[in-house]
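*Asks:* To start, I am sharing the structure in question, which I have written as structure tokens.
We did not get these values from a lab; they are worked out from the coordinates using the rules stated. Please read these numbers as outputs of a predicted model, since none were measured by experiment. Don't worry about glycine lacking a Cβ; one is built from the backbone with ideal geometry, like all the others, and counts go over all protein chains shown.
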Amino acid sequence: METKETSPQICIIPQPAHSEGLDGFFTLDHETPLALRNVDEDTADYIRGFLNTRLGIDPPPCRDAEGGGTNRIVFTLDENEAPRGEGAYRLTVENGCIRACAGFRTGLVYALQSLYQLIALYNGSGGGGRQKKTVPHIRITDYPRFEWRGYMLDVSRHFFSVDHIEKQLDLMALYKLNKFHWHFTDDHGWRMETETYPRLMDIGAWRPDRSGAPWKQCRPPQKGEPAVYGGYYTRGEMRHVVHYAARRGIDVIPEIEIPGHCSEVLAAYPEFACDDFPYTVQTGRYWPPKAILCGGNDGVMRFLFDILEEAAGIFPSPYIHIGGDEAHKGNWKKCPKCQRRIKERKLKNEEALQGWMIREAERHLAALGKKSIGWDEILEGGVSKNAVIMYWRDWKGEGRIAEAARRGHDIIACPASHCYLDYSECKDESGREGTGRYLSLKKAYAFEPLPRGLEGNAAQHILGGQGNLWTEYVYTPACAEYRLLPRLLALSEALWTPPDARSWEGFAGKLPLHRECLSSLGYQFHRLSL
Ligand code: ACM
Ligand code: ZN
């Protein structure tokens, strides 16, 4: 059979590591049988459900369980037959068969997503329209460049329903993103149900409704005003999301922010503050964010340990994020309890007090079998090598990432310059309120997590990167999608595809088909400003 170097049919995002378009087509219809070789029942159920909801087919089981012969789809889970690595897979459409093979469940899920894209992009209507689908002949061998391909959603500034979270997880899976960082706590609302601190749900999760008012002009809460905007996720909902994500190859990483960005905690538990200021759940712009948990109060440390323990019990991920960014230490300088702690622990200053709190949280998490992640500010207070650094402050320089990696920290790169999806995509946003900062699609595509000159073992410490959606200016699910699409796709290719298989022109050329597909699936898409 004649083969071609490239093919217009290979429009998959992220671009596979190796792909080869072949002449000819396979015709898939509702009678094409499906063989599942060595596939556990849960994965089999996921594959069947996906084919049914996305492509509208309900394939009969293949009578020949080994999947030999032609005119069939065969999914095989087998480490010996498959390319190596957790997310790796092979997908071929040729010789009258669709064959997907992976050593691990995740790889098989990715093969399914690539197959879906192949069909949906070629047939239109999100792949769901006609009964007969044309599947271009192809050979793909694929695996991820980085193990951490994440997406962070801030649910404090605006609250998003479980339905919307599920839709975002579907989007992540479609583009082979595998870490959902759930930013649960911040000045504007506490979102995680806890057994031990009920006032977080009664008070910390709610604020007066300022819908319709520009964020920067929202009035602070007034005395006696009902707090009706907000909500929190119940334990059952969080467990549901963990399960929903896991079926799609996604880990969920909760973030419990300490010691700053905690106005909502201090509104609920004023005794955790250094002073007697009447803290409230914030309603709009809150800058500088002065609220900080008292570092000299043992009750605060107990609170942290209790909450982390609850989070560890709900989220099976090996990682828990403990924040650490933008902690304003003005209160600590004036607080006798904080100063006593500094003296007793022989700490150098307030930065070192934050370092002590973070290390205590980290030690507690380690005892629970979890690793801690913190924003890059935690480097300044002194942290153990085991802490994973989430690097966001690009203006501090690439050299700092390289230095931290050489010191042995694992790093997740999400520099604001390339990964902050709340930044506007172009200058003309038709009156939408935004951060006033810009991140073009092309710049997001150019994201490179590996600092220049970092090699060998140190380079292994760069786990990958992620896109972050802060939601001060993201009021609704549609608005979130508008910010994500298509820049999340650019980040997905930057994190998955080997550099020599990546090209901006190639990526840009694939986007119109993805826009059509995602629109058919009900996603909002920013207009293409290529
Ligand atoms: C951050 O953007 N403050 C992590
Ligand atoms: Zn204090």
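*Asks:* With every atom except the alpha carbons ignored, what do you get for Rg and Dmax of region 31-129, in angstroms?
*Replies:* 12.6, 37
*Asks:* Quick check: the angle from helix 504-520's long axis to the longest principal axis of the chain, C-alpha only, nearest 10 degrees?
*Replies:* Helix 504-520 sits roughly 90 degrees off the main axis of the chain.
*Asks:* Next question. What FRET efficiency would be calculated for the residue pair E86, D40, taking the C-beta separation as r and a Förster radius of 25 Å, to the nearest 0.05?
*Replies:* Efficiency computed from Cβ-Cβ geometry: 0.95.
*Asks:* So what is the orientation-averaged projected area of region 140-209, using the convex hull of its C-alpha atoms, in nm²?
*Replies:* Mean projected area of the Cα convex hull: 6.5 nm².
*Asks:* Can you give the FRET efficiency for Q339 and D428, using 1/(1 + (r/R0)^6), R0 = 60 Å, r = Cβ-Cβ distance, to the nearest 0.05?
*Replies:* 0.70
*Asks:* For Cα pairs less than 8 Å apart in space and 6+ apart in sequence, what is the mean separation divided by the residue count of region 253-298, i.e. the relative contact order in percent?
*Replies:* RCO, region 253-298: 47 percent.
*Asks:* While we're on this one: In degrees, nearest 10, range 0 to 90: what is the angle between the Cα axis of helix 162-174 and the longest Cα principal axis of the chain?
*Replies:* Tilt of helix 162-174: around 50 degrees.
*Asks:* Then there is this: Normalise the Debye intensity by I(0) for region 102-174, one equal point scatterer per Cα, no solvent, then take log10 at q = 0.16, 0.18, 0.27 Å⁻¹ and round to two decimals.
*Replies:* These q points yield log10 I(q)/I(0) values of -0.79, -0.92, -1.25.
*Asks:* A further question follows. Can you tell me how much longer the chain between D275 and S519 gets when fully stretched, taken as 0.36 nm per residue apart minus their C-alpha distance, in nm with one decimal?
*Replies:* 82.8 nm
*Asks:* Let me ask something additional. Can you work out the base-10 log of I(q)/I(0) for region 377-515 at q = 0.14, 0.21, 0.22 1/Å, using the Debye formula on its C-alpha atoms alone?
*Replies:* Computed log10 I(q)/I(0) values: -0.71, -1.25, -1.31.
*Asks:* Here's something else I'd like to know. Exactly which trypsin sites (Lys or Arg not before Pro) in region 23-118 are in a DSSP loop and have at most 15 other Cβ atoms within 10 Å?
*Replies:* R63, R84
*Asks:* Just to confirm my numbers, what's the Cα centroid distance between region 293-320 and region 493-530 in Å?
*Replies:* What the calculation gives is 39 Å, centre to centre.
*Asks:* What are the radius of gyration and Dmax of region 83-205, computed over its Cα atoms and given in Å?
*Replies:* According to the Cα coordinates of region 83-205, Rg and Dmax are 19.6, 63 Å.
*Asks:* Relative to the longest principal axis of the chain, what angle (0 to 90°, nearest 10) does the C-alpha long axis of helix 298-314 take?
*Replies:* Value to nearest ten degrees: 10.
*Asks:* Here is a further query. Fully extended, how many nm does the chain gain between E31 and T435 (0.36 nm per residue separation, minus their Cα-Cα distance)?
*Replies:* Result for the pair: 140.3 nm of gain on full extension.
*Asks:* Can you list which of the GluC sites (Glu not before Pro) found in region 16-63 are DSSP loop residues with at most 11 other C-beta atoms within 10 Å?
*Replies:* E31
*Asks:* To continue, here is another question. Could you list the square roots of 5 times each eigenvalue of the Cα gyration tensor of region 47-95, that is, the equivalent ellipsoid semi-axes, sorted largest first and rounded to whole Å? If you can, show how the numbers build up before the last one.
*Replies:* Details: eigenvalues 87, 50, 22 Å².
Semi-axes from the Cα gyration tensor: 21, 16, 10 Å.
*Asks:* Could you quote the convex hull projected area for region 461-530, Cα atoms only and averaged over all directions, in nm²?
*Replies:* Details: hull surface 23.6 nm².
Quarter of the Cα hull surface area: 5.9 nm².
*Asks:* Would you kindly give the portion of the calculated P(r) for the chain that falls above 44 Å, as a percent of all Cα pairs?
*Replies:* It works out to 19 percent of all Cα pairs.
*Asks:* How charged is the neighbourhood of P220? Take every other residue with its Cβ under 12 Å from the Cβ of P220, and add Lys/Arg as +1 and Asp/Glu as -1. Walk me through the numbers on the way to the answer.
*Replies:* Working: positive: R207, R210, R219, K223, R285; negative: D187, E225.
Charge balance near P220 sits at +3.
*Asks:* Using the 2.2 N^0.38 Å rule of thumb for compact globular proteins, work out how region 322-408 stacks up: its C-alpha Rg over that value, please.
*Replies:* Relative to the 2.2 N^0.38 Å estimate, region 322-408 comes out at 1.13.
*Asks:* Grab every C-alpha pair in region 415-455, bin the distances at 5 angstrom width from 0 up to the longest one, and report whole percents.
*Replies:* 6, 22, 27, 17, 12, 8, 4, 3, 1
*Asks:* For region 11-83, what are Rg and Dmax over the alpha carbons, in angstrom?
*Replies:* Radius of gyration, then largest Cα-Cα span, for region 11-83: 13.6, 35 Å.
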